[in-house]
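> Mind having a look at this structure? Questions to follow.
The values are calculated or read from the model by the stated rules, or taken from the named source; none is laboratory data. Just so it is clear, the model here is predicted, and its values are computed rather than measured. Backbone-built Cβ (ideal geometry, glycine too); neighbour counts: all protein chains shown. The accessibility values were calculated without ligands, DNA or RNA, using every heavy atom of the protein model including side chains. Shrake-Rupley method; radii C 1.70, N 1.55, O 1.52, S 1.80 Å.
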Amino acid sequence: MIETKDLRVSIAQSELIHGISVTIPKGGITAVIGPNGAGKSTLLHTIAGLQSAASGTVTIDGTDIARARPQDRARLVAILTQNQPMLGRLTVEDLVSFGRWPHHRGRPRPEDTAIVAEALAEFALTDLSDRLLDTLSGGQRQRAFVAMAWAQSTPWLFLDEPLNALDPRHARDLMTRLRDLSAPGGDGRSVVVVLHDLNTAAGFADHVIALKFGHLFLAGPKAEVLTAENLSSLFDTPFQTTEVKGRQLVFPD
Amino acid sequence: MTTRAAIWRATWPIGLVLLIAASLSIGAASLWNGDFSAGWLMMVSRMPRTAAAMLAGAGLALAGTVIQLTVRNRFVEPGLTGTPEAAMLGLLAITLLAPGAAIGWKMAAAAVAALIGTAGFLLLSRHVPRQDPMLLPLVGLIYGGILGAAGLWIAWTTDLVQYLGIWRLGEFSGVLQGRYEMLWLIAALAALLYAAADRITILGLGEDYARSLGLNYGQTLALGLGVVATISAVVVVTVGAMPFVGLVVPNIVSRWRGDNLRANLPFIALSGAAMVLAADVIGRVIRFPYEVPAATVFSVAGAGIFLWLLYAAPKQGRVHG
C-alpha cells in the first residue's frame, strides 16, 4: 500500500502539489487522471522518489521513501517517465539489462540474465534485442523502456503516460499486459499509471485517482470516480457516459 | 557482425602497431647513423613521446565520452567546458603563490581548479535549454573564453604570458623521460572508469532513469567530473591543449558501436590513442626535419571530421543532443 500524507511539492519556487493525502491500494491498476497541469506526473515522480517533497510523507509498503537508500527504493518501485533519454545509443538488450542493475550493481547473475530474456519475450522485443534504440520506431522504443522497468521486478510499477507513442493495437496490448501482471494470481505487481484517455482508464483500471490544480479531487474504485457528474466537474466540460457491450464509455458532450 | 566490421576489427590493431613503429623510428635524429645510441634515444625520447601521445589521446577521448554522457550532449568535449582554461588558472595561481612548488603540487592545483571549472560548466548546463543541442557547446565556448581571458589578463599583469604559451598548443616534441610520467595517471583513471562504466552509462540515460535505477546520482556525477577534470589537467599541464580529440573520437565510436561504456571503453581509448599518435607522426613528417604541433594537425583533420559528423546523421537515427 502506498500512503501519502499532506504531500506538498514545489518546483522552481512554485507549489505544484498542495497537500495531497491519498492511499493507493495494493494490486490491480490505479489510474491517475486529471486535466493538464493537475500535477499527475509530479505526484508520480514524488512517490517514486525522483522528486523530493517540500513537506509531507510518502510510504510505500511501510518504507518512508525519503529516507530509503536509493538502491532499496529501486527495488520497491520502477518508473517509466515521459522523458525518454536523448542520448543513449544502447541496444534493446543492454537497456533492458540495466533494469536489473538495482539487484546486481554491476555483477549480473544467471537469474538476472534469465529475467532480461523473459522481459524481452514478454514485450515482443526478442527479435529487436540487438538493435540500437535510435533505430527503432517510437512505439518499439517505448516498449523497450517498459521492458526495462518490468525487469526491475519491483512490487510497484509506475508509468507516466505510457500510451503516448503507441498505436491502438500496441496500447491495448500494453494495457492488457499490465492488467494481467497486476491481477490476483498474476505476478503480484501493483501498477500506477497516468492516463489521458479516460476510456482506457474505464476499460482497464481498478482504482482511479483524479487530480485537479494540484489538489486531490477524488479517489476510489473506478465506478465511483468515473461518473458523468464527476468528470464534468473535474475537466470543467460536460461529460456523458454510456454503455456499449457491457463496457462503460465516457466522452465529452 | 557484418563482414565490413570483421575486416575492421582485424586490420585496425595492425594499423596501431604500424603507427607505433613509425612513431618510434621517425625523428630529426636518426636511429641508425650513429649520432646517438639508438637504445638511449629510444628510452629517453622516442618511447616517452609515443607513450605520451597515446596516453593523452586515450585520456581525452575517454574524458570526452564521460562529459558527453554526463551533460547528455554529443557536441560537448572537455575543451568546450572551461576545463583546460580553469586548469590554466589553477596553474597560474600556484605559480604566483608558490613559485617553487614541485610538479606534483602544480598538477594537483591544476586538477582542483579544473574540477571547479567543470562543475561551474555543469551548473550552467542545467540552465541551458535543451531543444537546440548546439547551444550548450556555444555556452561552453563562451565560458571557457571568459576563464581564458581572465587567465591571460592575470598572466599579462604578472609577466607570465610566455609561460602560458608553452602549453597552450598541444605538441609532443618536448616530451622526454622524466617529464611526462604524470600522464600514466590516465591509465589508472581509465581502469577506474572501467569499474564505474555501467554507472556512467546509466548517467547518460538522464537523471530520472539514473535515480529510478537506484544510482547515487550526485556521487556518480562527482566521479565522472573528477575523472574528466583530472585527465584534462594532466594533459594540459604535460603536453598542452588538444582540441577536437574528445569530440571526434567518442562520436565516431558511438556511431560505430553505440553508447555502452563497458563494451566500448577499450575502443574509445585505443581510437583516441591511435588518432593522436597519427597526428603526431604526420606533424613530424610533413615538414621534416621541422615539426608541426600534433594539436594543429588534429584540429585540421578534426574540424573536417566534425563537419562530417554534423551532416551525415547515422542511418535511421539522428545525432542526438
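> What number goes with the only condition from (1) more than 14 Å from chain B (Cβ to nearest Cβ); (2) at pLDDT below 95; (3) closer than 22 Å to A:Ala119 by Cβ that A:Ile29 does not pass?
Tallying (1) more than 14 Å from chain B (Cβ to nearest Cβ); (2) at pLDDT below 95; (3) closer than 22 Å to A:Ala119 by Cβ, A:Ile29 fails exactly one: (2).
> Moving on to the next point. Would you confirm whether any residue within region B:37-45 is on the phi < 0 side of the Ramachandran plot, surrounded by fewer than 24 Cβ atoms within 10 Å (Cβ to Cβ), within 14 Å of another protein chain (Cβ to nearest Cβ) and not in a helix (DSSP H, G or I)?
For region B:37-45, residues on the phi < 0 side of the Ramachandran plot, surrounded by fewer than 24 Cβ atoms within 10 Å (Cβ to Cβ), within 14 Å of another protein chain (Cβ to nearest Cβ) and not in a helix (DSSP H, G or I): absent.
> Next question, about the same structure. Looking at (1) more than 13 Å from chain B (Cβ to nearest Cβ); (2) among the small types (Gly, Ala, Ser); (3) farther than 21 Å from A:Ser41 by Cα; (4) in contact with an Asp or Glu (Cβ under 7 Å, 6 or more places away or on another chain), find the lone condition where A:Gly88 falls short.
(1)
> Taking the condition closer than 19 Å to B:Gly174 by Cα, modelled with pLDDT of 90 or more and part of a helix (DSSP H, G or I), does B:Ala56 pass?
yes
> When you check B:Gly214 against the structure, is it modelled with pLDDT under 95, in contact with a strand residue (DSSP E or B) (Cβ under 6 Å, 6 or more places away or on another chain) and either more than 15 Å from B:Val71 (Cβ to Cβ) or within 13 Å of another protein chain (Cβ to nearest Cβ) (or both), yes or no?
The answer is no for B:Gly214.
> Going by the structure shown, is A:Thr46 under 30 Å from B:Gln219 (Cα atoms), more than 14 Å from chain B (Cβ to nearest Cβ), open to solvent by less than 60 Å² (accessible area, probe 1.4 Å) and in contact (Cβ under 8 Å) with a residue 24 or more places away in the chain?
no
> Here is a further query. Would you say A:Ala124 is surrounded by fewer than 20 Cβ atoms within 10 Å (Cβ to Cβ), more than 7 Å from chain B (Cβ to nearest Cβ) and modelled with pLDDT of 95 or more?
no
> Separate question: Among B:Gln131, B:Gln162, B:Gln177, which is the only one that is open to solvent by 70 Å² or more (accessible area, probe 1.4 Å), touching a Ser or Thr at 6+ places or on another chain (Cβ under 9 Å) and of a type outside the set (Gly, Ala, Ser)?
B:Gln177
> Now for a separate question. Could you please let me know if B:Gly120 is surrounded by fewer than 19 Cβ atoms within 10 Å (Cβ to Cβ), away from every other protein chain (no Cβ under 12 Å), at pLDDT 90 or above and farther than 30 Å from A:Gly88 by Cβ?
Against the criterion (surrounded by fewer than 19 Cβ atoms within 10 Å (Cβ to Cβ), away from every other protein chain (no Cβ under 12 Å), at pLDDT 90 or above and farther than 30 Å from A:Gly88 by Cβ), B:Gly120 does not qualify.
> Only one of (1) among the hydroxyl-bearing types (Ser, Thr, Tyr); (2) under 28 Å from A:Gly88 (Cα atoms); (3) open to solvent by 40 Å² or more (accessible area, probe 1.4 Å) is not met by B:Ser254, so which one is it?
For B:Ser254, the failing item is (3).
Per-residue answers, yes or no, for (1) of a type in the set (Ser, Thr, Tyr); (2) assigned to a helix (DSSP H, G or I); (3) without any contact (Cβ under 8 Å) to a residue 12 or more places away in the chain:
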{"position": "B:Leu189", "(1), (2), (3)": "no, yes, no"}
{"position": "B:Ala210", "(1), (2), (3)": "no, yes, yes"}
{"position": "B:Leu221", "(1), (2), (3)": "no, yes, no"}
{"position": "B:Ala241", "(1), (2), (3)": "no, no, no"}
{"position": "B:Ala269", "(1), (2), (3)": "no, yes, no"}
{"position": "B:Ala274", "(1), (2), (3)": "no, yes, no"}
{"position": "B:Arg287", "(1), (2), (3)": "no, no, yes"}
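> When only residues in region A:60-84 that are open to solvent by less than 40 Å² (accessible area, probe 1.4 Å) and either more than 9 Å from chain B (Cβ to nearest Cβ) or part of a loop (DSSP other than H, G, I, E, B) (or both) count, which is nearest to A:Ile24 (Cα to Cα)?
Within region A:60-84, the match that is nearest to A:Ile24 (Cα to Cα) is A:Ile60.
> Taking region B:196-211 on its own, how many of its residues are farther than 21 Å from A:Thr42 by Cβ and either among the charged types (D, E, K, R) or within 8 Å of chain A (Cβ to nearest Cβ) (or both)?
5
> Here are some conditions: (1) surrounded by fewer than 19 Cβ atoms within 10 Å (Cβ to Cβ); (2) over 18 Å from B:Leu223 (Cβ atoms); (3) touching a residue at least 40 places away in the same chain (Cβ under 8 Å); (4) not β-branched (Val, Ile, Thr). B:Tyr194 meets all but one. Which one does it not meet?
(2)
> Starting from region B:51-63, keep only residues that are without any contact (Cβ under 8 Å) to a residue 12 or more places away in the chain and closer than 9 Å to B:Met242 by Cβ, then list their pairs with residues that are open to solvent by less than 10 Å² (accessible area, probe 1.4 Å) and assigned to a helix (DSSP H, G or I) whose Cβ atoms are within a distance under 8 Å, requiring at least 6 positions of separation or different chains.
Every condition considered, no pair remains.
> Does A:Leu43 satisfy being modelled with pLDDT of 95 or more and not in a strand (DSSP E or B)?
Spelling it out, A:Leu43 is indeed modelled with pLDDT of 95 or more and not in a strand (DSSP E or B).
> For region A:217-232, which positions are within 24 Å of A:Gly19 (Cβ to Cβ) and surrounded by fewer than 21 Cβ atoms within 10 Å (Cβ to Cβ)?
Across region A:217-232, the qualifying residues are A:Phe217, A:Leu218, A:Ala219, A:Gly220, A:Pro221, A:Glu224, A:Asn230.
> Return the total of residues in region A:102-121 being closer than 23 Å to A:Arg143 by Cβ and not in a helix (DSSP H, G or I).
Here the count works out to 1.
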